[in-house]
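Trainee: Okay, here's the structure, questions in a sec.
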Amino acid sequence: MARMKFLCDADRCIECNACVTACKNEHEVPWGINRRRVVTINDGLPGERSVSMACMHCTDAPCAAVCPVNCFYTTADAVVLHSKDTCIGCGYCFYACPFGAPQYPRVGNFGTRGKMDKCTYCAGGPEADMTQAEYVKYGANRLAEGKLPLCAEMCSTKALLAGDGDIIADIYRERVVTRGYGSGAWGWRTAYGETVSV
Amino acid sequence: MIKAIMARMPAILAVLVLFAFAAPELSAQQINPTASAVQEEQLMRALQSGEAVSGRVTIVDPRAADLIKPGNKNWAADHGGMVKTINIVAILGILAVLVAFYLIRGKIRIEGGFSGRTIQRFNAIERFGHWLLAATFIVLALTGLNLLFGRALILPLVGEGAFGTISAWGKIAHNYLAWPFMLALVIVFVAWVIHNLPSRTDVEWIKQGGGLFKKGVHPPAKKFNAGQKAIFWSVIIGGVALSWTGVMLLFPEWAGSSSDWQFYQVIHAIVAGVLTAIIIAHIYIGSVGMEGAFDAMGTGQVDENWAREHHSLWVEEVKARENAAPGGAAQPAE
């Protein structure tokens, strides 16, 4: 099985936010929730870079470690998913996540956050694949259709890569060697304990 | 022709000079952009723990601007490591100590036996405050411990669906019962603080080990002995710490940044574990551990012999007050 990862080539990202929009549209994500976002570092300064970030589907995911009800599980493709039926909206995963991926439908005072929502790597949830029940809770299950996450698929500059970690690392490595520079595989060290060495 | 060129020489020179100055700027635009590209590694190195690599986002939620917060993993590790360890050691430790104490010392009996005469030890308000505090604390402790250990202990027994339901109700109970707990804390504090100020009798009580370890030893004590004072102040200080951090956890907007919230959460979980251990000892000595002790909080009336053995100075105070009262206390006809 593949070990699915995201890799954002910050030297290609033009902060068009199409990945954010595509994600929201594909999964009909509720208002106020952003499964993916684009953050611009050093905005307006020399060396400015934009990075598209979502759940990185960590190795030994900290969200899964702190969850009091054990609602997280890792698929055979190493995608970190969760069950909204079990989730109690305690907020622990938000505070454990290094990438700000877990989101809640409400502000969260007095424990009224609601069920947590996050990037599913377009792989749905514990319900049967491609059913209405799965779609309502988690959005589309593109992986079950043999497709990759839509954010990466429709990225106009191919900055955002999704797929098997070894393959996308090779693509990135080749790019860096060819053009002679690269600002790194953002978040990899934190998520996977390793980075792409060129 | 040459003359014409010579005539225009200053202008040509000026153009050449301009080119000479402009040329470096042109080449500057063609430099390798990697020279100044922001590297993740250098940003991460500059980070202090708990801080974030942040930028600008076009999303309204300002928290979305934090790109990477590696410190969050430290909190996750503390939560699963230190916090759980402290709770396990505190609770299993106190249970082991109590079992050992029971096996060695046994139940502490009233040496003079029941006298049949009782003295009022706690009035209705004191007992209401105590039991409100006790009932809410037990539910809060169990639902809190469920968040730490439920997935290891209860989940395998009842299955995912039932455990999710239990935990969801547990969370609601925890959030709402926190308020009567805080009210009870205030009642208990107001009712008993005057009796719990440290005094010289406490020194003697502690020197004699409270008479806990030896039969026939009963150091004098007023309404509360040094051990009970220790329980009282543990409950007040621990309770206030739990209330304060708990309210911060309930209202993350008041807590400040997410590292502040994490700090409150760690304090909350550690104080809760230690206080739970103290309360287990308190429950033991107030029930199976000591003959006649439960009546104090049960009916509010304690046996006179029990009171003389454990709170000799307090009994004298009560008797003196009864005698001083006009007409004396109503004495039953012999």
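The values are calculated or read from the model by the stated rules, or taken from the named source; none is laboratory data. From a predicted model like this one, the values you see are computed outputs, not experimental measurements. Here Cβ is always computed from backbone atoms with ideal geometry, including for glycine, and neighbour counts include all displayed protein chains.
Yes or no, residue by residue, for (1) within 13 Å of chain A (Cβ to nearest Cβ); (2) outside any helix (DSSP H, G or I); (3) among the hydrophobic types (A, V, I, L, M, F, W, C); (4) without any contact (Cβ under 8 Å) to a residue 40 or more places away in the chain:
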site: B:Asn72; (1), (2), (3), (4): yes, no, no, no
site: B:Val83; (1), (2), (3), (4): yes, no, yes, no
site: B:Leu92; (1), (2), (3), (4): no, no, yes, yes
site: B:Glu126; (1), (2), (3), (4): no, no, no, no
site: B:Asn146; (1), (2), (3), (4): yes, no, no, yes
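Trainee: Limited to region B:145-188, what total is found for residues that are more than 23 Å from A:Asp85 (Cβ to Cβ) and in contact with a helix residue (DSSP H, G or I) (Cβ under 6 Å, 6 or more places away or on another chain)?
Mentor: Result for region B:145-188: 9.
Trainee: Would you mind telling me which numbered condition in (1) in contact (Cβ under 8 Å) with a residue 24 or more places away in the chain; (2) more than 14 Å from every other protein chain (Cβ to nearest Cβ); (3) of a type outside the set (D, E, K, R) B:His174 fails?
Mentor: (2)
Trainee: Just to confirm my filter: which helices (runs of 4 or more DSSP H) fall fully inside region A:89-198 and include at least 3 residues that are out of contact with any Ser or Thr (no Cβ under 6 Å at 6 or more places or on another chain), under 18 Å from A:Cys13 (Cβ atoms) and away from chain B (no Cβ under 12 Å)?
Mentor: Passing ranges, in order: A:150-153, A:165-179.
Trainee: Please specify each residue of region A:42-67 satisfying the condition of being in contact with a helix residue (DSSP H, G or I) (Cβ under 8 Å, 6 or more places away or on another chain), crowded, with 22+ Cβ neighbours inside 10 Å and not polar (S, T, N, Q).
Mentor: If the condition is that a residue be in contact with a helix residue (DSSP H, G or I) (Cβ under 8 Å, 6 or more places away or on another chain), crowded, with 22+ Cβ neighbours inside 10 Å and not polar (S, T, N, Q), then A:Ala54, A:Met56, A:His57, A:Cys58, A:Pro62, A:Cys63, A:Val66, A:Cys67 are the ones that fit.
Trainee: Here's another thing I want to ask about it. So is B:Ile108 touching a strand residue (DSSP E or B) at 6+ places or on another chain (Cβ under 6 Å), surrounded by 14 or more Cβ atoms within 10 Å (Cβ to Cβ), within 14 Å of chain A (Cβ to nearest Cβ) and not charged (D, E, K, R) or not?
Mentor: No, not satisfied.
One line per residue, one yes/no per condition, for (1) exposed (fewer than 13 other Cβ atoms within 10 Å of the Cβ); (2) more than 8 Å from chain A (Cβ to nearest Cβ); (3) outside any helix (DSSP H, G or I):
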site: B:Ile59; (1), (2), (3): no, no, yes
site: B:His79; (1), (2), (3): no, no, no
site: B:Ile88; (1), (2), (3): no, yes, no
site: B:Gly129; (1), (2), (3): no, yes, no
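Trainee: Being modelled with pLDDT under 95 and either closer than 18 Å to A:Ile88 by Cα or hydroxyl-bearing (Ser, Thr, Tyr) (or both): is that true of B:Glu160 here? Walk me through it before giving the result.
Mentor: On the way: modelled with pLDDT under 95: yes; either closer than 18 Å to A:Ile88 by Cα or hydroxyl-bearing (Ser, Thr, Tyr) (or both): yes.
Against the criterion (modelled with pLDDT under 95 and either closer than 18 Å to A:Ile88 by Cα or hydroxyl-bearing (Ser, Thr, Tyr) (or both)), B:Glu160 qualifies.
Trainee: Scan region A:126-141 residue by residue and report those that are surrounded by fewer than 21 Cβ atoms within 10 Å (Cβ to Cβ) and in contact with a strand residue (DSSP E or B) (Cβ under 8 Å, 6 or more places away or on another chain).
Mentor: Across region A:126-141, the qualifying residues are A:Pro126, A:Asp129, A:Met130, A:Glu134, A:Tyr135.
Trainee: Return the residues of region A:172-191 that are crowded, with 16+ Cβ neighbours inside 10 Å and either modelled with pLDDT of 90 or more or touching a His at 6+ places or on another chain (Cβ under 6 Å) (or both); say none if nothing qualifies.
Mentor: Selection gives A:Tyr172, A:Arg175, A:Val176, A:Ala185, A:Trp186, A:Gly187, A:Trp188, A:Arg189, A:Thr190, A:Ala191.
Trainee: Mind checking which helices (runs of 4 or more DSSP H) fall wholly inside region B:180-275 and carry at least 1 residues that are within 14 Å of chain A (Cβ to nearest Cβ) and surrounded by fewer than 14 Cβ atoms within 10 Å (Cβ to Cβ)? If you could, list the steps in order and put the result at the bottom.
Mentor: Numbers: elements: B:200-207, B:226-250, B:252-255.
Qualifying helices (runs of 4 or more DSSP H): B:252-255.
Trainee: If you check B:Gly150 against the conditions, is it out of contact with any strand residue (DSSP E or B) (no Cβ under 7 Å at 6 or more places or on another chain), surrounded by fewer than 17 Cβ atoms within 10 Å (Cβ to Cβ), within 14 Å of chain A (Cβ to nearest Cβ) and not hydroxyl-bearing (Ser, Thr, Tyr)?
Mentor: No.
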